[in-house]
Amino acid sequence: MKKQGPIALSCYYKSSREGENYVVDDVLHLQLSGLLVLYDGKKAYPSYAGKLQLVRRNRLMKYFKEPEEHRPFQSLSIHFNLDFLKTFALDYPVVSVEGKRMQDPVIDLKSNVLLEGYLRAMVEFEQTGALKDPVMVDAKLREGLLLILKSNPALAGVLFDFSEPYKIGLRDFMEENFAFNIKRDRFAYLTGRRRAAVKR
């Protein structure tokens, strides 16, 4: 199976797709055409053409992707992994903006002319294969993150919170997430436990 890079363009022309996924990284998601619905077991988060969202890391999600009648399902995903975010925070002093704490696993983002231009360019970069160069990828990830923080400053408190999941009740977690097929190591991490403890 081909490993997906941090910047990826998804395109499905005919059939709908559905499944579930463990979201490892913070993902900037732009819906280009078609419909995407994410579901965390409590709430559905639909995404139509032109919608820009941040899907937060360490989340269990079900997804449904549907193309339009005469257009494919198409979306752009930009992944910011934890190592990248930690390095970014060292290179660029990040100021967290106080405000309402963002709890939702999917956050609608504000856009502006510069961010829209960046996203259009990312589609072209991906289509032409220019993002095979890791140096280029790192530069474009940094550019994108700077633009996101400029238009959505409150996200600093979300993206640069590097605390580990705290210990929570196993029964409560299982009841909330019974619809998901969770691997043991992820179950342990999300409940703030060691894998051996969960195995016991």
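For this structure, a couple of remarks:
- Other-chain or far-sequence residues with amide H under 5 Å of Ala49's (modelled H): Gly34
- 3J(HN,Hα) from dihedral phi, the range 107-115, Karplus parametrisation 6.51/-1.76/1.60, rounded to Hz, x for glycine, proline: 10, 6, 10, 7, 10, 8, 4, 5, 5
- A simple spin-label model places the labels of Arg184 and Ala139 4.6 nm from each other, with each point 7 Å out along Cα-to-Cβ.
- When the listed pairs Lys86/Lys183; Lys42/Lys110; Lys86/Lys140; Lys110/Lys140; Lys62/Lys140 are checked against a 22 Å cut-off, the alpha-carbon distance exceeds it for Lys86/Lys183; Lys42/Lys110; Lys62/Lys140.
- Where a label projected 7 Å from the Cα of Glu68 along Cα→Cβ would reach, residues of the range 26-54 with amide N under 20 Å: 29-38, 46-53
- Exposure ranking of Thr87, Thr128 by accessible area [1.4 Å probe, largest first]: Thr128, Thr87
The values are calculated or read from the model by the stated rules, or taken from the named source; none is laboratory data. None of these values were measured; they are calculated from a predicted model. All Cβ positions, glycine included, derive from the backbone under ideal geometry; neighbour counts span all protein chains shown. For accessibility, only protein heavy atoms count, side chains too; no ligands or nucleic acids. Shrake-Rupley method; radii C 1.70, N 1.55, O 1.52, S 1.80 Å.
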